[in-house]
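Before any comments, here is the structure.
The values are calculated or read from the model by the stated rules, or taken from the named source; none is laboratory data. What you are looking at is a predicted structure, and each value in this text was computed from that prediction instead of being measured. Quick reminder, even Gly has a Cβ in these numbers, built from the backbone with ideal geometry, and neighbours come from all protein chains shown. Surface accessibility is based on the protein's heavy atoms, side chains included, excluding ligands, DNA and RNA. Shrake-Rupley method; radii C 1.70, N 1.55, O 1.52, S 1.80 Å.
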Amino acid sequence: MATPRIEITLGDITTEDVDAVVNAANSSLLGGGGVDGAIHAAAGPDLLAECRRVRASDYPDGLPTGRAVITGAGRMPARHVVHTVGPNRHVGQTDPALLESCFRESLRVADEAGCRSVAFPAISAGVYGWNVHEVARIAVRTVQTASCENVDLVRFVLFDKRSEDAFQLALG
Ligand code: ADP
């Protein structure tokens with residue numbers, strides 16, 4: 001068991017050649033805007049079909065905030081997508097423990113699936129309205145205190161320079 005090393009990069013997470021890409025999904029698991037829309041567009045219809053099956057069999061009421069579930073990655077270079085639902089500030093979900101849970105649970109399910117490398121976006125820093133500096137602090141701290149059997153690399157893939165700077169600052 002070891003703590004994964006952290007990399008920070010600017011880019012489009014859908015092109016990452018890692019074992020698992022984390023999706024900032026919504027609880028329906030049926031796609032949405034932002035990074036969720038980009039992942040479904042890049043992965044193609046197989047991912048949506050698998051998400052529908054997971055939703056129907058395991059989460060008929062939707063995936064709860066802070067939880068994570070793993071699927072294939074369709075046409076993306078990654079092997080898996082880990083879907084997690086970040087807290088939405090606009091509906092009063094302001095508890096940092098929920099966001100911490102997204103990073104911790106995503107890492108746990110990827111580790112259990114034997115993944116060695118995992119790419120994360122800035123969960124909840126888009127439509128869900130969290131400050132990217134707070135997201136960055138929580139994300140970095142959660143990975144730095146994690147202990148994994150298989151995951152040895154966590155790459156934060158940020159879509160804009162301001163978010164990349166926030167993660168660099170949090171990493172120190
Ligand atoms: P949430 O609803 O959890 O806030 P969003 O998708 O709206 O999720 O935004 C989360 C973060 O993902 C934002 O910082 C957004 O800029 C970023 N993002 C959007 N598309 C991509 C992409 N293709 N690759 C990496 N990050 C992305």
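List the trypsin sites (Lys or Arg not before Pro) in the range 73-167 that DSSP assigns to loop (not H, G, I, E or B) and whose Cβ has at most 14 other Cβ atoms within 10 Å. Which are they?
Working: sites: Arg75, Arg79, Arg89, Arg104, Arg108, Arg116, Arg137, Arg141, Arg155, Lys161, Arg162; in loops: Arg75, Arg79, Arg116.
Those satisfying the criteria are Arg75.
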Determine the per residue accessible area of the range 35-83 with all protein chains present and a 1.4 angstrom probe, expressed in square angstrom. 47 Å²
Largest to smallest accessible area among Ser163, Ser27 [probe 1.4 Å]: Ser27, Ser163
Taking all protein chains as present, what is the carbon and sulfur share of the accessible area of the range 1-146, in % to the nearest whole number, probe 1.4 Å? 49 percent
Restricting to Cα atoms and excluding each atom paired with itself, what does the Kirkwood estimate give for the chain in Å? 15.5 Å
Within the chain, what percent of beta bridges assigned by DSSP are antiparallel, to the nearest 5? 25 percent
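Give the relative contact order (percent, whole number) for the chain; include only Cα pairs under 8 Å separated by 6+ residues.
Details: 369 pairs, mean separation 57.8, N = 172.
Rounded, it is 34 percent for the chain.
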Length gained, Arg53-Glu112, 0.36 nm per residue minus C-alpha separation, equals 19.2 nm
